[in-house]
Amino acid sequence: MKRFRFKKFKVYQDAKMFCSLTNKIIKDNIINKEPKLADQISRATISIILNIAEGSGSSSDIEFARYITISIKSAYEVVAGFDIALQLNLIKIQDNKLIEDKVLELVKQLSAFKKKLKTNH
């Protein structure tokens, strides 16, 4: 049995860095004004990471790919959360653009990872 193989995945490492970025923006701009929104964005961001980890323990690549799909959906949820924060004037346009750019990178990585899983039978 491979020991915590997810820790070696670049997408896992990048998702953790993304979590650090989002936590800073949330702490600096959102948490004191909209704590429920801050919590939801934070949970969605953490979900990206945790689903990569959980999926890596799957018994098949097809099952693992389902967890990667959940990570992708959570990434879209993060974008929506920050879009709401932007509408409420809680964050700057530049912060929202940075989040969207980082999510696009993560989704590309996750999609490529998922495709590789499905083709490795």
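Every read-out reported here was derived from the displayed coordinates using simple, explicitly stated rules and does not represent laboratory data. Just so you know, these numbers come straight off a predicted model, no measurement behind them. All Cβ positions, glycine included, derive from the backbone under ideal geometry; neighbour counts span all protein chains shown.
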What do you reckon, is residue 105 touching a Phe, Trp or Tyr at 6+ places or on another chain (Cβ under 9 Å) and among the acidic types (Asp, Glu)? yes
Any hit, the stretch 82-97, residues being basic (Lys, Arg), in a helix (DSSP H, G or I), surrounded by 14 or more Cβ atoms within 10 Å (Cβ to Cβ) and without any contact (Cβ under 8 Å) to a residue 12 or more places away in the chain: no
Take the residues in the stretch 39-81 that are free of Cβ contacts under 8 Å to residues at least 12 places away in the same chain and among the acidic types (Asp, Glu), then tell me which one is surrounded by the most Cβ atoms within 10 Å (Cβ to Cβ). 39
Subset of the stretch 11-38 [surrounded by 14 or more Cβ atoms within 10 Å (Cβ to Cβ), charged (D, E, K, R), part of a helix (DSSP H, G or I) and without any contact (Cβ under 8 Å) to a residue 60 or more places away in the chain]: 16
Within the stretch 98-121, which residues are within 12 Å of residue 22 (Cα to Cα) and either in contact (Cβ under 8 Å) with a residue 40 or more places away in the chain or hydrophobic (A, V, I, L, M, F, W, C) (or both)? 98, 99, 102, 103
